[in-house]
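Working notes, beginning with the structure itself.
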Amino acid sequence: IALLLNRSKQKMRKLSMTDYLSGLFNRRYIFSYLKKQLSSSTSNKEKLSLILFDIDDFKDVNDKYGHPTGDFVIKKLAELGLNELRKNDVMARIGGEEFLCILPKTSVTEAREISDRLLKSISGYSFQYKQNESIHITISIGIANNNKFNQSSNDIYTLADEALYQAKSQGKNCIVVAKSNNN
């Protein structure tokens, strides 16, 4: 009975931390993790960067091909994203088609390099659900990092979100690094 209870507890813990569709961490977990990482980074004076990205025109995918295809795209994109990240980076699905990556001990320059790989990997992949036609997806990316002016999780996330919005308004399928007082 104790073994069954322990397994059940572990399963419930995993379910509370992960997104059911992508298998990535969920919004609640990633923002809790971000606060812990920022606290550690600040006390150790280490850089931390965020990559926030969103699938461009995802509603069109669901409208044209159906939600099962959209779900497939989310799952495959999660896999592609994890392949481009490093061992200590963490990725989560925080909304319908929005993803957040936390990159500990990472400068903006390094985050930009990782984002370039991510953008190329996803835009170069042919998503094909069952026997349907191939779909090409692009993403827009916003990058932000911690510094003496933006150390809270809300500050750094807001900067990444603003950069993502700029990427969307610049035509999508691009990367924008947040403008902060001291990158």
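The values are calculated or read from the model by the stated rules, or taken from the named source; none is laboratory data. All figures in this text were calculated on a predicted structure; none of them were measured in a lab. Cβ atoms come from the backbone with ideal geometry, glycine included; neighbour counts cover every protein chain shown. Note: areas computed on protein heavy atoms with side chains; ligands, DNA, RNA excluded. Shrake-Rupley method; radii C 1.70, N 1.55, O 1.52, S 1.80 Å.
Some notes on this structure:
- Among (1) in contact with a helix residue (DSSP H, G or I) (Cβ under 6 Å, 6 or more places away or on another chain); (2) under 25 Å from R28 (Cβ atoms) - the single one Y129 does not satisfy: (2)
- Options I114, I141; residue that is β-branched (V, I, T) and under 16 Å from I55 (Cβ atoms): I141
- Selection within segment 127-183: residues that are polar (S, T, N, Q), open to solvent by 60 Å² or more (accessible area, probe 1.4 Å) and farther than 20 Å from Q37 by Cβ. The member of this set that is modelled with the lowest pLDDT is N181.
- Any hit, segment 102-117, residues being within 20 Å of D19 (Cα to Cα), touching a Phe, Trp or Tyr at 6+ places or on another chain (Cβ under 6 Å) and modelled with pLDDT of 95 or more: no
- Top-ranked residue of segment 112-126 - restricted to ones that are open to solvent by 60 Å² or more (accessible area, probe 1.4 Å) and touching a residue at least 40 places away in the same chain (Cβ under 8 Å), ranked as nearest to E79 (Cα to Cα): Y125
- Selected residue (criterion: modelled with the lowest pLDDT) from residues of segment 31-61 that are crowded, with 17+ Cβ neighbours inside 10 Å and polar (S, T, N, Q): S41
- In segment 20-42, the residues that are under 15 Å from the mean Cα position of the chain (by Cα) and small (G, A, S): S22, G23, S32
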